[in-house]
Structures are given as C-alpha cells and as structure tokens.
1. In this structure, does residue 41 turn out to be modelled with pLDDT under 95, out of contact with any strand residue (DSSP E or B) (no Cβ under 7 Å at 6 or more places or on another chain) and more than 19 Å from residue 138 (Cα to Cα)?
2. Take residue 83 and tell me if it is surrounded by fewer than 19 Cβ atoms within 10 Å (Cβ to Cβ), in contact (Cβ under 8 Å) with a residue 60 or more places away in the chain and in the same structural domain as residue 50 (by TED's automatic domain parsing).
3. One residue is enough: does segment 194-203 have a residue meeting the conditions outside the structural domain of residue 106 (by TED's automatic domain parsing), modelled with pLDDT under 70 and under 28 Å from residue 63 (Cβ atoms)?
4. When you scan segment 116-125, do you find a residue that is in contact (Cβ under 8 Å) with a residue 24 or more places away in the chain, under 27 Å from residue 169 (Cβ atoms) and surrounded by fewer than 18 Cβ atoms within 10 Å (Cβ to Cβ), even just one?
5. Residues that are more than 18 Å from residue 106 (Cβ to Cβ): find the strands (runs of 3 or more DSSP E) completely inside segment 34-91 holding 3 or more of those.
6. Hey, can you tell me all the residues within segment 97-155 that are closer than 22 Å to residue 86 by Cα and assigned to a loop (DSSP other than H, G, I, E, B)?
7. For residue 140, all conditions in the list (1) under 14 Å from residue 66 (Cα atoms); (2) at pLDDT 95 or above hold save one; what is the number of the exception?
8. Within 26 Å of residue 59 (Cβ to Cβ), out of contact with any helix residue (DSSP H, G or I) (no Cβ under 8 Å at 6 or more places or on another chain) and at pLDDT 95 or above: does that describe residue 167?
C-alpha cells in the first residue's frame, strides 16, 4: 500500500509539474518535438488557426512580424510553440525579439542557440499573438512551424507548417534588394483590382487586372 501511495504521488507530481511548466510557456525540452507535455493525443480536427507574415522576402537580419490567429478570428487558444526552420531540418533559425515589458511571450534557447524559438508566457486565453522574428545571415527558404494549445485541457494541434514561406537573401546583393522591393510592391496590389487604359488608336478603354497589366508591361 505504501509503495502504491508513493508511486501515485510521484505520478501526480510529474503530471502537475508538466502541466504547470507548459502553462507558463513551453520548456526547452520540447525544442525538437515541439509537443506539449500533455498526456493526450493531438487533435484530429482540422487545424483552425493560421499564420500571417508581414513579409515573405527579406534580407539577412531584417525583421518579420509573424501573427497567429484563428481562421474565424474569434477562436481562442492558450499556448503555442513557434520556430522557423528549413524543410526537413530539426534546427531553428533566426532570432525572436521580445520587449522587456512583454508578459505574453518569451523566447527559448533551442539547439544550443539563443532566442531561436518562442512560446507563450501565460496560459491566459488569447485570440491572436504577434511575434517579431529576425532573419538569419544564411540565405534560403524558411518555413514557420507552430504548435497550438487550445482552451480545453489536453487539447492541442501538433506542429504545423504553412503555405507562406520566408525567403532570405543576402543584404549585400543589390539585385536581390531590387527583387524584394518589386515583390513587395506587387503584394500591395490586388490581383483582382482593375487597371484601365485608353487605346489611342481605337479610343476604347481597355481594362486589365493587375496581373495582366504587369505581364503587358503597363
């Protein structure tokens, strides 16, 4: 009986410690798997959240705002773990910046590198969170990997990648800078927006969408 009591106490202590640790942010022990310490399976439901990037092409050491929010904009979540990796690699790149007065997020030191992962600082329900990521010096295409912990106990979605990727180019490459600027200008246009131009020969007003106008060199 005494052995059973001790074993039960140890089990409860481990469970409480794990839950509490993730309640105030993911521990560094989850850097590889990015899975919370909950004794539950990941949700089989469709991932109800999305990641929005402020930029998709940047130079090294340039910042990107990464926002996590629900597809509806209303569904809350308690926690998250986020890294930026290269496809197929178990390594996090770049660095996250957190203001000294920020009580909602905190950085993690993963893979023997400082501040290259980020998690929540409290399990207060939130509808969205925005973090700042600084691109590494190494050029390449990077993807955002995020795990979300929902409102219910044990509810979480395993690490997900998203359609939007971040391309990092050398800050010393002037041609690359020009391509970035052109890409950003293009992103500000809506493909469905209309562009009108009068044909001097026929007098007719011809309408293009932005993609067609770009292709035509208008």
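1. The answer is yes for residue 41.
2. Taking the combined requirement at face value, the residue does not satisfy it.
3. So far as segment 194-203 goes, no, none of its residues is outside the structural domain of residue 106 (by TED's automatic domain parsing), modelled with pLDDT under 70 and under 28 Å from residue 63 (Cβ atoms).
4. Within segment 116-125, not a single residue is in contact (Cβ under 8 Å) with a residue 24 or more places away in the chain, under 27 Å from residue 169 (Cβ atoms) and surrounded by fewer than 18 Cβ atoms within 10 Å (Cβ to Cβ).
5. Result: 49-53, 57-59, 63-70.
6. Matches in segment 97-155: 111, 112, 135, 136, 137, 138, 139.
7. (1)
8. Yes: the conditions hold for residue 167.
The values are calculated or read from the model by the stated rules, or taken from the named source; none is laboratory data. Keep in mind that this is a model prediction, so the values were computed, not measured. Glycine gets a Cβ as well: all are built from the backbone with ideal geometry, and neighbour counts include every protein chain shown.
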